Amino acid sequence: FNKKAADKGSPEKTSHGYDFVVSSAGHIVTTHSLTKDCRSLSFSKLPAALTGTDQDKNLALFKLRSKPKAMMVFRWGGEAVRGDSVALPSFSSKKGLTADLSVSTGIISALVGPGGDPRLLSVTVPIPPGNSGLPLVDLTGTVAGMALAGPEVSIITASPPGAFPETNFALSAKTLRSFLESQEVKYEAAKVGKIVSPGQAAWRARAATVEVECRN
């Protein structure tokens, strides 16, 4: 994915973020704010094409030009509920997916975000800066939501920059599914399966995680 280059004399800046694979066809979902002003984008060094956006949910959908090796699965017949345990794979902002996997755990503390926003979940899992776009999973390894760092929460809730320095919010699986259905993406869903350890759930999420490199 490439946009027209700006003036040759302007310095190039590179930023990183994450998204994850949501279909066997290679669809990947990330935050719109991460990708909207990029001159060029790569996804774990792979090319992809933009197929849709939803600025209200701050989401963007891309499709890889190659078949994915793994993908995330949503819970069939419902979503994770308040009190459910969740896990988040997280990575060093400097090393990205090449860093050792760190696993954060917690629970879903509320099915709404700031101000009762129904698009978001409140969680007790800490979300490090630079880790927006990562899949938050329940302990069956299915998608509970998408992790959001402070700037992305401010965008969605139209709050002042810096309003959420310690962020514990995620876009809900319901919000993600609504977006994918609006884009006619055939995502995978499965009945609640075997409970696994937080580490095992996070490793499943890592396998379907893609690192986004934005140059602007």
| task | Over the range 40-129, consider all pairs of different Cα atoms and compute the Kirkwood hydrodynamic radius from their mean reciprocal separation; express it in Å, one decimal. | result | 16.0
| request: Could you give the spread of the C-alpha atoms of the chain along their three principal axes, from largest to smallest, in whole angstroms? | output: 53, 39, 35
| remark: Calculated from DSSP helices alone, with each H run of at least 4 adding -39500 (n - 2.57) and the total divided by the residues of the chain, [θ]222 nm to the nearest 500 comes to -4000 deg cm²/dmol
| task | Run through all the Cα pairs of the range 159-210 and give the fraction in each 10 Å bin from 0, expressed as whole percent. | result | 16, 34, 35, 14, 0
| note | If one compares the long axis through the Cα atoms of helix 173-182 with the longest principal axis of the Cα atoms of the chain, the angle in degrees, nearest 10, works out at 50
| task | Between the alpha-carbon centers of the range 165-216 and the range 68-83, tell me the distance in whole angstrom. | result | 7
| Percent antiparallel among DSSP beta bridges with both residues in the chain, to the nearest 5? | 95
| task | Would you list which aspartates and glutamates come within 12 Å of residue 194, measuring only between C-alpha atoms, while excluding same-chain residues fewer than 8 positions from it? | result | 138
| query | How far, in degrees from 0 to 90, does helix 198-207 lean away from the longest principal axis of the Cα atoms of the chain, to the nearest 10? | reply | 30
| Can you pull the three principal axis extents for the Cα set of the range 94-207, in Å, largest first? | 40, 34, 25
| message | Can you give the local net charge around residue 142? Use residues other than it whose beta-carbon is closer than 14 angstrom to its beta-carbon, Lys and Arg +1, Asp and Glu -1. | response | +2
| In the Gaussian network model of the chain, springs joining C-alpha atoms below 10 Å, which of 58, 131, 168 carries the largest mean-square fluctuation? | 58
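Laboratory data are not the source of any read-out in this text; all were calculated from the coordinates shown. Just so we're clear, the structure is a prediction, and the values are computed from it rather than from any experiment. Cβ: placed from backbone, ideal geometry, glycine included. Neighbour counts: every protein chain shown.
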